[in-house]
1. How much mean residue ellipticity at 222 nm does the chain get from its helices, if each DSSP H run of length 4 or more adds -39500 (n - 2.57) and you divide by all residues, to the nearest 500 deg cm²/dmol?
2. Karplus couplings for segment 357-371 from phi (6.51 cos²θ - 1.76 cosθ + 1.60, θ = phi - 60°), rounded to Hz, Gly and Pro as x?
3. Compute the longest continuous run of the chain that contains no exposed GluC sites (Glu not before Pro); treat a site as exposed when its DSSP state is not H, G, I, E or B and it has at most 16 other Cβ atoms within 10 Å.
4. Counting only DSSP beta bridges with both residues in the chain, tell me the antiparallel percent, nearest 5.
5. Most exposed first by the Cβ proxy, i.e. fewest other Cβ within 10 Å, how do 32, 150, 283 rank?
6. If I model a spin label as a point 7 Å beyond the Cα along the Cα-Cβ vector, how far apart are those points for residue 86 and residue 128 in nm?
7. Please state the charge dipole magnitude for the chain, taken about the Cα centre, from unit charges on C-beta atoms (+1 on K and R, -1 on D and E), reported in debye and rounded to the nearest 20.
8. Counting only other residues whose beta carbon sits under 14 Å from that of residue 371, what net charge do I get with K and R as +1, D and E as -1?
Amino acid sequence: MGEPHAVVVGGGIGGLSAALALHRHGWRVTVLERAPEPREVGAGLTLMANSLRALDALGLSPALRSSAHAEAPGGIRDRRGRWLSRLDAAEMIRQLGTSALGIHRATLHRILREALPASTLHTGAEVEHVESGPDRATVRYRRPDGPRTLDADLVVGADGLHSRLRTQLWPEIPAPVYAGSTAWRAAVAFPDPIPTAITWGPGAEFGMVPLGEGQVYWYAALTAPPGGHAPDELAAVREHFGAWHEPIPALLAATPPGVVLRNDIHHLATPLPSYVRGRVALLGDAAHAMTPNLGQGAGQAIEDAVVLGVACSGGAQGLPAALAAYDQQRRPRSQAIARASLRAGRYGQQLRNPLALALRGAALRLIPAGAVLRGMTRQVDWRPPAG
């Protein structure tokens, strides 16, 4: 038997994590990314205990911890700056063994790329069709110089929210739907120390995450009709959030207009009945696109990748059973977290009724910090499978 070959469709964080997981288990991997240059769209993200353990399993701990910033947990505030709920950093470390880390998406993307053989990633490669046979899969794709074909033992669909592979192989699943909110994001130079914190207002949320080296990632979300755009997106954020508590106005003042990204939030409302069809396995947003309210989109994709690598550690032999094991392990957890994230948004950022807001604030003040942390622990206290 020759070296097993996997084609990963999509070169984002999930796709590169899958490529690295399979590579570490003896697979030759080709990653096809349609963008002309290696890149990760976005600003920052928070890596919680589950993400950190998954990345540790991929051998990335030294590079990661030298490039990420240990967050000082803050909690939840109202728009006047009053604390509704606080997290205890020392207790988080005691329960989970680590604090959360803030990192720029582009930095994590670079770390993953550098851990792979240089020949792995192929940019400017638009996948057009995948055929999954009993013994092999065939990927047809197009590069600037014309069409090409690759044969593989395994195809991994990591092509994101609007996955072409999901549309082709799961045609019965409706397209992702609008979750009711639009979001702005930016990473900016900001030398003042700040805690990781979320601020809630009526139908609105503002979050901030220190990334280290004088950088802060901020995001703002607003309940709004889909498809909205402003000539100056930073001005639109100031209009809605500029009078909220410090350091929000200072962060916005430090933000150059050209770095602000705006995206409507969509999620996969109809759960997939399986993440596997033949020799094709989906992961990340292609499999379970979720709202960002729990900060678990990237984390679940990285978990998927680690589990897939372990399941496929035996190579191409016994692949159907390996992919069935992957689906059995990943689908219940990732879909449960997607449902929890949707609920968190409805009772968090999207809540607008004044009475409901007052009741929520009163309830949060009464809940002990330890209870809040235990609730979070249930979602992030995940450990990679042995292998």
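1. Working: 13 runs with 140 residues, N = 387.
Mean residue ellipticity, 222 nm, calculated: -11000 deg cm²/dmol.
2. 5, 5, 5, 4, x, 5, 5, 5, 5, 8, 6, x, 4, x, 5
3. That would be 214-387.
4. Working: 52 of 71 bridges.
Counting DSSP beta bridges with both partners in the chain, the antiparallel share is about 75 percent.
5. Sorted ascending by nearby Cβ count, the order is 150, 32, 283.
6. My value for the distance between the label points is 6.1 nm.
7. 860
8. So the environment of residue 371 carries a net charge of +2.
Here, each number is a calculation from the coordinates, and none is a lab measurement. Because the structure is predicted, anything quoted here is derived from the model rather than measured. For neighbour counting, all protein chains shown are included, and Cβ atoms are generated from backbone atoms with ideal geometry for every residue, glycine included.
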